Structures are given as structure tokens and as C-alpha cells.
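Every number here is computed from the coordinates shown, using simple stated rules; none is lab data. These numbers come from a predicted model, not from an experiment. Neighbour counts run over all protein chains shown; Cβ positions are idealised from the backbone, glycine included.
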Amino acid sequence: MKMKTEEESMASLQSMANATWADDEERLLDEAYLKQQDKKYDNVNHPPHYNQAGIECLDAIAAATGDGFEHYLQGNILKYLWRYRYKNGIEDLKKAQFYLNKLIAAKENNNE
């Protein structure tokens, strides 16, 4: 019985090590990509995990939602304002500001 507990412990440790390794690998790949692109890491305006194959997630959402994109932006503004005190503080306020700037730009483009 004791041997099984040790085996389970080893399996648990291996699982945690694999998860840590995967997180580290993802972070290193993101950093390498940014160095390759010669861009400063910007978790607010251009987080690398929202860019795949040169396509920004936000651009894909805009294309997919059409007229609903402004509502999507409004929802994100509310989300980041709602949680900033409890999660990421100033970073969430900057994200709300980012989406507000996108909404303003979208409204200005619609009025042209």
C-alpha cells in the first residue's frame, strides 16, 4: 500500500513539473517571438498570446462580429473597470482605456 502512495506522489510531482515546464516554454516562446519582432512586450496593447500567425485576435473578432463589435468593446470596458480593484489594478484600468480608445475610434470611423 505504501508503494502505491509513493508512486502516486511521484506521478503528482511529474505532473506538476510538466505543467511548470509547459508554462515556462510558453513564456519563453512569447519572449523569443517578441525579440524576433523587435517589439517591447506590451501586455495591454499587444499581448503576444492574442496574436497567432500575424493575426490579432481583436481584428478577427471585429471581422466576425461586424456591427456587434462596438458592443464587444463596451463589454470589455465594463469588465476591466469592474475588476481592476480585485485583480490587476492599474493594468486593468489601462486595458479598459485601450478598449475605450478602440470604441472611440470605431465611432469616429462610423461618422465619416
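Structure above, values below:
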{"read-out": "Sites residue 100 and residue 26, calculated FRET efficiency, Cβ-Cβ separation with R0 35 Å, nearest 0.05", "value": "0.75"}
{"read-out": "Pairwise Lys count, segment 44-112 - Cα closer than 14 Å, eight or more residues apart or different chains", "value": "5"}
{"read-out": "Estimated FRET transfer efficiency when R0 is 41 angstrom, pair residue 46-residue 15 (beta carbons, to 0.05)", "value": "0.80"}
